[in-house]
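What follows is a set of notes on a single structure, which appears directly below.
The values are calculated or read from the model by the stated rules, or taken from the named source; none is laboratory data. Keep in mind the model is a prediction, meaning the values are calculated, not measured. Using ideal geometry, Cβ is built from the backbone for each residue, glycine included, and neighbour counts are taken over all protein chains shown.
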């Protein structure tokens, strides 16, 4: 019996691998998106190490992953405290061209690490990993680690699969028929049968592709090419990725082409602990018609929120006295809030959402909050702040489990109206409950599929045989967009006409 146990242990150990996940600076938000899959890999027996640069200590990621977070010393340039980002989050808009800004900030951060604390970087790069997973956005030092490892690497997408990567990988996705990554606040709509909307989607694709391929690529090359022998360019790096994993659940998005090396792992739910202590006592009020939870993630910092937005929230929430409202808020002291509103710097978000007394979720429209709403069957009022959050909010509204607020013209009357629209109409609740029924109803569970494909990659040394991949990924743009065939047709028509 002991011999069998020894053989089994040796077999299990032989299948264990060392895996590195590298995300954007101060990247707990992105890393948190990947954690369910990383925790699953730890359960499978793999050793998972997480790297990103930090400007202040972070909460532990848990689940048995090893953390190699490098604290930058003597630099005051955290991305999430940048005044420009704060303006964009609370008052401005993002377009495709503005995607270059966080790539620039991440490149500056990576340069600071390489110039001032090279020993911390090389201590990690000198370790041996069987597979390197890199964030699709804003991780130049992560890309350097992947290239220096001389091992196959994988791209990890913390939201939907970005359109410019779809083009670079030859996935054949029609960017004209998919909601733009950056939806316009002045026109938060997309109808595939309208030429104007399709034109906007094409413009968004061109902007984001140019932004990433030209300025962002230049910033990252300047940061890391000196240590990788000038081997980094975005197009080459993406072309050489062996797999892509993305968080957008296939069951709630639009129909899209799939591929052997493209895996969605995001459609999963976890069971939260029941409410207890002060939160349970607060929502248990017999006079309450239900609970409303307000949570805006870690990037939306209430310390720098415009007074007009904070005042609108306070006024609107005071009018909903028949409900118990829990607001995750870390900022200046709020004056005038009534007793039916609890303000707390940290709230057990998933426990509140999964509590049967919760009637409404007010949030920013990040994909994690989108999925938490579906998992808990909670209708939502979104106030999208930046990045693809307006796109997510549009999708939730089109699925009829959400409404959204425009942060640029927010008033208390407007906010109260949108909240009561959902609270007084049970159809939103029915829609999200129906969506939950098929959200993760798949032939294989997404985390099982993610685990399977990581094992498969490791079996083949980190990259599948070449016949596994699409020929289209190797084509140049002229051929990929059928310009050769179109040119032949145009020349033929000219000859015939002449």
Self-check item: Unique residue being crowded, with 19+ Cβ neighbours inside 10 Å, at pLDDT 95 or above and not in a strand (DSSP E or B) when the list is 245, 313
Solution: 313
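Given the residues 350, 403, which is the only one that is in a helix (DSSP H, G or I) and either under 19 Å from residue 29 (Cα atoms) or at pLDDT 95 or above (or both)?
350
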Quiz item: Counting residues that are at pLDDT 95 or above and either touching a strand residue (DSSP E or B) at 6+ places or on another chain (Cβ under 7 Å) or on the phi < 0 side of the Ramachandran plot (or both), which helices (runs of 4 or more DSSP H) fully inside region 110-181 reach at least 2?
Solution: 118-125, 140-149
Practice problem: Can you confirm whether region 317-332 contains a residue that is under 19 Å from residue 370 (Cβ atoms), touching a helix residue (DSSP H, G or I) at 6+ places or on another chain (Cβ under 7 Å) and in contact (Cβ under 8 Å) with a residue 40 or more places away in the chain? | Solution: no
Quiz item: Among the residues of region 320-344, which ones are buried (at least 16 other Cβ atoms within 10 Å of the Cβ) and part of a loop (DSSP other than H, G, I, E, B)?
Solution: 320, 323, 329, 334, 337, 340
Exercise. Go through region 374-395 and give me each residue that's part of a helix (DSSP H, G or I) and either closer than 22 Å to residue 96 by Cβ or not assigned by TED's automatic domain parsing to the domain that holds residue 302 (or both).
Key: 389, 390, 391, 392, 393, 394, 395
Practice problem: Could you check residue 383 against (1) at pLDDT below 95; (2) in contact with a strand residue (DSSP E or B) (Cβ under 7 Å, 6 or more places away or on another chain); (3) crowded, with 17+ Cβ neighbours inside 10 Å and say which number it fails? | Solution: (1)
Exercise. Within region 386-409, track down each residue that is in contact with a helix residue (DSSP H, G or I) (Cβ under 8 Å, 6 or more places away or on another chain) and buried (at least 20 other Cβ atoms within 10 Å of the Cβ).
Key: 386, 388, 392, 395, 396, 401, 402, 404, 405, 407
Quiz item: If only one of 75, 81 is over 20 Å from residue 121 (Cβ atoms) and modelled with pLDDT under 90, which one is it?
Solution: 81
Quiz item: Taking the condition outside any loop (DSSP other than H, G, I, E, B), closer than 20 Å to residue 387 by Cα, out of contact with any strand residue (DSSP E or B) (no Cβ under 6 Å at 6 or more places or on another chain) and not assigned by TED's automatic domain parsing to the domain that holds residue 403, does residue 190 pass?
Solution: no
